[in-house]
1. Is it the case that Ala47 is modelled with pLDDT of 90 or more, among the small types (Gly, Ala, Ser) and surrounded by fewer than 15 Cβ atoms within 10 Å (Cβ to Cβ)?
2. From Arg80, Arg89, Arg96, which residue is part of a helix (DSSP H, G or I), modelled with pLDDT of 95 or more and either surrounded by 11 or more Cβ atoms within 10 Å (Cβ to Cβ) or not hydrophobic (A, V, I, L, M, F, W, C) (or both)?
3. Looking only at the range 12-44, which residues are modelled with pLDDT under 85 and out of contact with any Lys or Arg (no Cβ under 8 Å at 6 or more places or on another chain)?
4. Using the structure shown, decide if Leu52 is surrounded by 14 or more Cβ atoms within 10 Å (Cβ to Cβ), more than 18 Å from Val75 (Cα to Cα) and in contact with an Asp or Glu (Cβ under 9 Å, 6 or more places away or on another chain).
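The values are calculated or read from the model by the stated rules, or taken from the named source; none is laboratory data. Keep in mind that what you see is a predicted model, and the values were worked out from it rather than measured. When we count neighbours, we look across all protein chains shown, and the Cβ atoms used for this are built from the backbone with ideal geometry, even at glycine.
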Amino acid sequence: MSGKRNRTRGLTTQRIPTPNEIADVPELAILHALDEILDLAPRVLVAAHPELADPDAPYWVRETSSTTRTADDIVAAAHRLQRHIRAYRRAISLARDLRCEADPEIPF
């Protein structure tokens, strides 16, 4: 198992993109769906491997099967990918704001 991460923590999901947002930035739709799945995947894996929910348990108490180790890796990767998705959303929002400031005549 890696580090002292809380495997049951839920990352706050973003709101569903509006049709106008999807028309402007189509990738938001699939990124939203992926983010939702990435929020669910760790919950399912912790249900299948409850030892992942207690990272403070001594190593000799935790199961060390290859499936548990792989589940732990997937959970960590899911959380990292969610952070990247959120960073992308922030970058899109910032770019949109800068575009609006650069040309205030354009209403979008």
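1. For Ala47, the condition - modelled with pLDDT of 90 or more, among the small types (Gly, Ala, Ser) and surrounded by fewer than 15 Cβ atoms within 10 Å (Cβ to Cβ) - is met.
2. Only one candidate qualifies: Arg80.
3. Thr12, Thr13, Arg15
4. Taking the combined requirement at face value, the residue does not satisfy it.
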